[in-house]
1. If you take the Cα atoms of the chain, find Rg, then find the Kirkwood Rh from the mean of 1/r over all pairs, what is Rg/Rh?
2. Under the rule of -39500 (n - 2.57) per DSSP H run of 4 or more residues, summed and divided by the residues of the chain, what mean residue ellipticity at 222 nm is obtained, to the nearest 500 deg cm²/dmol?
3. Mind checking which of 145, 224, 243 has the largest fluctuation in a GNM of the chain, springs on alpha carbons under 10 Å?
4. Quick one: check the C-alpha center-to-center distance for the range 176-202 versus the range 25-62, whole angstrom.
5. Can you give me the P(r) profile for the range 68-124? Cα pairs, bins 10 angstrom wide beginning at 0, each as a whole percent.
6. For all pairs of alpha-carbon atoms in the range 75-224, what percent lies in each bin of width 5 Å, listed from the first bin to the last filled one?
7. Bin all alpha-carbon pair distances of the range 198-251 at 10 Å intervals from 0 and give each bin's fraction as a whole percent.
8. Contact order normalised by length for the chain, with contacts defined as Cα pairs under 8 Å and 6 or more residues apart; what percent is it?
């Protein structure tokens, strides 16, 4: 089923140095932009992460230090990516919990002001887990009846995710073929940051979603215990979470 689009929809996938959002760096990013008229644009970038790629990570995606030693650092391509993603909605496989939070971290480190929160987000993994409970390779086999060759290369995974989402629309009549509906369906939580440390409650208030203040509004916690802000800013939280926390703090001064 062809996607019913109002804006271009960008499927993207990243390969990284690891799984820790606060410390991992991107070594490859590939995106597939689908325009409302179904035209396609594909780009893949190898990136020098500026840190060693662990051997165990190379064993997964096949990208070594030698492969990226002459590649640009993320800061050199950050604005190009931001321009390519501007005005688009975003889609991916495990987008909500990994690819998007890590991309947000890289944009902040590169000093590129790109508000990913303005994009509608579709996570085919969430749809898959709600419907079938499996992995991308299994999803590709299940929905597309094909074996995923080149798994863990960003471009292969990106293309597979696009095909999986199309097949999900064909298979499940209750899924509405529009980005707004798919974005709402594939959202895990109403997160304010990307990793879910701060989320919205049913009153659209920002609340902490972890630790001793879980369930309490950020505004109330910062008012009664202002040192908590300093603790979070100095602790090992993602940069985007700190950015969101600072914005709330400045807003209620």
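1. Here the Rg-to-Rh quotient is 0.98.
2. Helix contribution divided over all residues of the chain: -11500 deg cm²/dmol.
3. Among 145, 224, 243, the largest mean-square fluctuation in the Gaussian network model of the chain belongs to 224.
4. Their Cα centres are 24 Å away from one another.
5. 23, 52, 24, 2
6. Once binned at 5 Å, the Cα pair distances of the range 75-224 give 2, 9, 16, 18, 18, 16, 11, 7, 3, 1, 0, 0.
7. 24, 64, 12
8. Taking the mean separation of contacting Cα pairs over the length of the chain, I get 19 percent.
Coordinate-derived values only; no laboratory data. Everything numeric here is computed off the predicted structure, so don't read it as measured data.
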